[in-house]
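All of the numbers you see were taken from the coordinates with simple rules; none came from a lab. Note that the structure is a prediction, hence the values are computed from the model and not measured. Virtual Cβ from ideal backbone geometry, glycine too; neighbours counted across all protein chains shown.
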Amino acid sequence: MQWETVIGLEVHTQLTTRSKIFSGASTAFGAEPNSQACQVDIALPGVLPVLNKGAVERAIKFGLAIGAKLNRVNVFARKNYFYPDLPKGYQISQFELPIVEGGSIDIQVPSEQAGQAETKTVRLTRAHLEEDAGKSLHEDFHGMTGIDLNRAGTPLLEIVSEPDMRSAKEAVAYARALHTLVTWIGTCDGNMQEGSFRVDANVSVRPKGQQEFGTRREIKNLNSFRFLEQAIDYEVRWQIEQIEDGHKIVQATVLFDPDTGETRMMRTKEDAHDYRYFPDPDLLPVKLEEDWIEQVRAAMPELPAAMRARFQRDYGLSAYDAAGLTSQRELAVFFTDTLALAGEANAKLVANWLQGELSASLNRDEKGIGAAPIGPAQLAGLVRRIADGTLSNKLAKQVFEVMWTEGGEPDAIIEAKGLKQMSDSGAIEKIIDEVLAGNPKSVEEFRAGKEKAFNALVGQVMKATKGKANPAQVNELLKTKLAG
Amino acid sequence: MTQHTIKELADLLASGQSSSVELCQDYLGRIAAHNPDINAFITVDPDRTLADARAADALRAAGNAGPLTGVPIAHKDIFCAEGWLTTCGSKMLANFVSPYDAHVISQFKAAGMPTLGKTNMDEFAMGSSNETSYFGPVKNPWDTARVPGGSSGGSAACVAAGLAPAATGTDTGGSIRQPAALCGITGLKPTYGVVSRYGMIAFASSLDQGGPMARTAEDCALLLNVMAGFDRRDSTSLERDKEDYGRDLAKPLAGLRIGLPREFFGAGLTGDTAKAVQAAIEQFRTLGATTVEVSLPNSGLSVAAYYVIAPAEASSNLSRFDGVRYGYRTPDYGDLTDMYEKSRAEGFGAEVKRRILIGTYVLSHGYYDAYYIQAQKLRRLIAQDFAEAYRQCDVILGPTAPTTAFKLGEKADDPVQMYLSDIYTIAVNLAGLPGMSLPCGFDSQGLPIGMQLIGDYFAEARMLNVAHQYQLATDWHARTPAL
């Protein structure tokens with residue numbers, strides 16, 4: 001039988017506010033346990049939540065970015081359950097009236113034809129604001145559990161997609177696109193190691209052509225794109241196997257173990273909580289004024305999809321280049337900043353250097369683009385020298401290497417290291433004459449019809465100029481000389 | 001000395017006839033003498049009180065005294081007060097020393113008013129007789145075999161007995177007004193949102209409101225001036241201009257239109273209470289007021305709606321008492337679930353558990369629409385009834401409670417009878433309106449009777465005016481029990 005996979009993702013994005021969603025405590029990561037938990041966060045008797053407007057503003061921003069409906073009145077509700085890292089015994093979340101409903105994100109998925117991609121639209125169900133829980137620490141306490149409430153009350157925007165994805169690859173493409181978007185608009189720092197972007201995947205399979213969905217299982221808390229892909233792939237194989245062996249899939253929540261590459265059951269629907277949601281009487285319904293929404297809209301940066309289209313249209317870049325340059329806002333900004341200095345005519349050259357040498361060096365040194373030792377001005381300077389013929393590609397790489405390791409401006413490096421391409425025909429001719437005089441055998445072989453001998457002569461000239469001669473010019477002049 | 005009003009004490013301090021230390025020592029002496037019989041206080045800490053008093057005297061000496069600086073006050077043990085044991089009447093918090101001040105407490109501190117102690121109350125404010133307190137029942141100073149009402153029973157009893165000139169209370173379904181009535185004092189529940197709930201341990205968040213309990217309406221006005229005000233830490237606190245709640249006290253009542261709800265004067269109201277309230281109505285007519293019959297057709301459903309909404313919110317509000325971070329934790333437990341179950345089973349009393357169970361039930365999947373949503377609809381209808389009534393009148397008058405103080409133990413085993421103690425007060429909380437109780441007579445057994453005034457939103461100053469004019473013309477409020 002042919003099976004079809006159906007995937008929907010729920011992504012918890014931690015918002016970039018400095019303080020918590022309902023208290024003034026800091027959200028900074030990595031502090032001493034419980035040093036960033038104030039009386040509201042530890043739920044002392046009598047304390048009350050006060051909504052952080054910054055969190056609402058970020059949710060508005062996200063809603064605008066995905067073309068969603070913003071609920072002008074949205075409501076915080078209590079989700080009741082007991083757990084030691086949930087100090088109030090309920091989580092303040094949104095249930096019936098979330099702040100964001102609908103919207104969509106376009107993803108690029110590989111098409112049937114190799115090397116091609118096609119655009120697919122993933123619809124979003126909703127995005128709602130909520131507070132994070134604390135952490136239970138099971139190590140270091142010898143049979144006891146430690147509770148760290150620093151994370152309790154950290155603002156989250158939970159983004160729920162429709163079950164629109166049909167493979168692990170599509171799920172990863174969606175997760176990446178979402179990651180790009182939320183970091184692009186600055187609502188989330190996207191740090192997956194620190195848990196700022198956590199993915200739950202709802203996975204089911206059904207016979208190809210069947211309309212109804214199969215029974216889904218939810219894989220919780222995937223904190224890398226690689227694990228997301230591995231977990232879904234495993235889960236899909238497991239579910240198909242189960243069904244083919246005559247078993248039924250039971251709705252359940254599962255965990256992915258990266259060590260074994262397998263998913264394992266956490267709980268079934270039978271032991272699911274009744275969360276007893278009801279509107280939180282401590283918080284008034286949130287009202288979004290039109291003015292506020294318009295202010296947020298006005299401050300919105302150009303979004304990756306728009307920028308991608310613009311790069312293709314205005315600079316003639318390929319879809320591949322445009323997608324690569326807009327995969328991260330800092331990269332796109334680096335590109336446009338460099339272009340402003342290097343001239344739009346050099347767009348392709350700048351794109352090549354950014355996605356080639358610069359990206360490779362960043363990867364090698366495990367640096368983000370923000371930490372690159374080369375800035376847009378330096379790269380623009382380098383590109384200009386390539387464009388005007390001062391540097392060959394080979395020499396440019398040498399200059400780049402110096403800039404990367406030692407710093408400095410390209411012109412100064414070219415000067416100091418004598419890396420300027422030799423384009424003075426008089427000087428090149430003089431060297432050619434010397435090479436021809438010193439290699440009569442090669443000259444003879446060339447005249448006898450051996451093309452290889454010509455290349456040997458070019459090599460000699462380049463060697464004599466320490467690689468600085470303009471190779472095109474050498475070819476030209478040598479041909480003339482030999483013909484003469 | 002100890003039967004003075006706040007106003008009189010403020011005058012004594014201002015004229016230099018007494019110091020705050022002397023006043024506090026006097027009250028502390030009476031507490032030491034009589035609290036063992038009344039049990040109005042859970043915590044008394046003379047050192048702290050006298051330190052407050054000395055600070056108040058120093059403020060006055062430096063010329064920085066406010067109108068009430070140095071006047072002591074007792075606080076219901078539901079208000080978190082830094083350094084004070086704050087129990088909420090529960091074993092669950094019997095060991096909880098608050099590390100911070102409730103907004104109300106910091107307001108009184110800023111006014112320079114020493115804390116006389118923390119008053120006894122029904123556990124987590126759930127009760128109408130003060131019998132659910134982990135720290136034992138409070139006795140009514142008029143007859144110590146009887147209850148003082150609840151849940152602010154300790155506050156009402158200590159004022160009635162002259163152990164404190166005034167006290168704070170909280171009112172979720174009548175918890176200021178009903179004990180004020182049963183103890184013969186004056187108590188006011190403000191419009192929801194006028195007094196910050198920050199630091200006031202939550203029972204039912206959408207209904208809870210703090211307010212003053214004192215000997216007179218004039219004192220309540222002075223105290224409300226201190227308590228009221230916007231607090232950004234409470235999202236339901238209302239951002240309004242500061243007002244002087246005593247500004248209309250002297251206004252004559254000519255032209256006042258008093259609404260008398262048909263439903264409050266039906267078969268349930270009998271005997272001495274009915275007579276006393278009727279007499280009060282006559283008194284108001286003498287003072288120039290007119291009366292008009294109004295109707296609150298949905299008020300009969302208020303107790304039912306209340307016993308869905310209040311337990312629902314309480315079941316969630318009380319989830320934080322889990323034995324993990326503070327408060328009671330069972331000494332012996334196996335796993336986490338065992339710890340939760342035992343800590344909560346041992347830490348909460350029967351009435352609290354009953355309400356948590358009711359609240360959990362009405363919020364459960366499949367029951368939510370039938371109970372909680374319906375109750376919220378009723379709540380809107382009840383508020384509409386009042387809005388309709390206020391088209392015809394300025395203030396509504398009726399009884400505060402169906403009976404005078406009942407005997408200890410009399411209703412303890414009959415929760416429904418107990419719940420009906422608040423039949424006249426609950427609708428006010430559901431609508432979020434201000435309400436107050438003031439003495440209007442005594443029954444044949446010498447027990448005080450209270451009448452209730454209900455104002456439109458933010459009509460506290462008008463209600464206090466009405467009550468004050470009544471108290472100028474009568475002396476029910478000035479009578480005190482023999483201890």
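Computed quantities for the displayed model
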| quantity | calculated |
| --- | --- |
| Alpha-carbon Debye profile of region A:127-265, log10 I(q)/I(0) at 0.18 Å⁻¹ | -1.13 |
| Cα convex hull volume per residue for region B:31-84 (Å³) | 104 Å³ |
| Spacing of the two label points (7 Å from each Cα toward its C-beta) at B:GLU282 and B:SER295, in nm | 2.9 nm |
| Members of B:LYS353/B:LYS407; B:LYS189/B:LYS242; A:LYS220/A:LYS248; B:LYS109/B:LYS411 lying beyond 27 Å, as alpha-carbon distances in this model show | B:LYS109/B:LYS411 |
| Dipole in debye (nearest 20) - chain B, about Cα centre, beta carbon charges: Lys, Arg +1; Asp, Glu -1 | 360 debye |
| Principal semi-axes in Å for chain A [√(5λ), Cα gyration tensor, largest first] | 57, 27, 21 |
| Environment charge at A:ALA360 (Cβ cut-off 13 Å; Lys +1, Arg +1, Asp -1, Glu -1) | -1 |
| Positive dipole terminus of region B:70-149, leading residue within B:PRO72, B:GLY127, B:PHE96 (C-beta point charges) | B:PRO72 |
| Two-decimal ratio, the protein assembly as shown, of alpha-carbon radius of gyration to 2.2 N^0.38 Å | 1.29 |
| Projected area averaged over orientations for region A:70-185, convex hull of C-alpha atoms, nm² | 10.5 nm² |
| Anchor A:LYS468: lysines whose Cα lies under 30 Å away (excluding residues fewer than 8 positions away in-chain) | A:LYS348, A:LYS394, A:LYS397, A:LYS417, A:LYS420, A:LYS430, A:LYS441, A:LYS450, A:LYS452, A:LYS479, A:LYS481 |
| Cα-based equivalent ellipsoid of region A:340-413: semi-axis lengths in Å, sorted from largest, via gyration tensor | 18, 14, 11 |
| Lys/Arg +1, Asp/Glu -1 at C-beta; region A:3-292 dipole; positive extreme among A:GLY214, A:THR253, A:ILE21 | A:ILE21 |
| Anisotropy class of region B:421-470 from Cα gyration tensor, a/c 1.5 cut | oblate |
| Computed P(r) (all Cα pairs; region B:166-249; 10 Å bins; percent) | 19, 51, 27, 2 |
| Cα-based equivalent ellipsoid, region A:238-290: semi-axes from gyration tensor eigenvalues, Å | 39, 16, 13 |
| Alpha carbon Rg of region B:7-123, scaled by the compact-globule rule 2.2 N^0.38 Å | 1.06 |
| Dipole axis of the protein assembly as shown (+1 Lys, Arg; -1 Asp, Glu on Cβ), positive-most option in B:LEU483, B:ALA110, A:ILE432 | A:ILE432 |
| Between region B:155-185 and region A:287-319, the alpha-carbon center distance in angstrom | 62 Å |
| Per residue, the convex hull volume that the Cα atoms of chain B enclose (Å³) | 136 Å³ |
| Computed label-point distance, nm, for sites B:GLN392 and B:THR330 using a 7 Å Cα→Cβ extension | 5.6 nm |
| Pairwise centroid distance, computed over Cα atoms, of region B:243-266 with region A:141-192, Å | 58 Å |
| Gyration tensor (alpha-carbon) shape descriptor, region B:6-251, a/c threshold 1.5 | rounded |
| Given charges at beta-carbon only (K, R positive; D, E negative), |dipole| of region B:6-251 in Debye | 160 debye |
| Förster-model FRET efficiency, 56 Å R0, A:GLU162 and A:LYS397, C-beta, rounded to 0.05 | 0.75 |
| Proximal lysines to A:LYS61, defined as alpha-carbon separation beneath 26 angstrom and excluding residues fewer than eight positions away on the same chain | A:LYS20, A:LYS53, A:LYS69, A:LYS79, A:LYS120, A:LYS287 |
| Residue-averaged [θ]222 nm for the protein assembly as shown, counting only DSSP H segments that reach four residues, each worth -39500 (n - 2.57) | -11500 deg cm²/dmol |
| Inverse mean reciprocal Cα-Cα distance (Kirkwood Rh) of region A:3-292, Å | 20.1 Å |
| Cα centroid separation - region A:18-37 against region B:366-407, whole Å | 42 Å |
| Ratio of Rg to Rh over region A:6-58 (Cα coordinates, Kirkwood Rh, two decimals) | 1.07 |
| Rough spin-label spacing in nm, given labels placed 7 Å along Cα→Cβ, for A:GLU294 and B:ARG247 | 3.6 nm |
| Burial ranking of peptide ranges A:284-293, A:381-390, B:264-273, B:104-113 (average Cβ count within 10 Å, highest at the top) | B:104-113, A:381-390, B:264-273, A:284-293 |
| Stokes-Einstein D (µm²/s) once Rh is taken as the Kirkwood radius of region A:425-483 over alpha-carbon pairs, at 37 °C in 0.692 mPa s | 295 µm²/s |
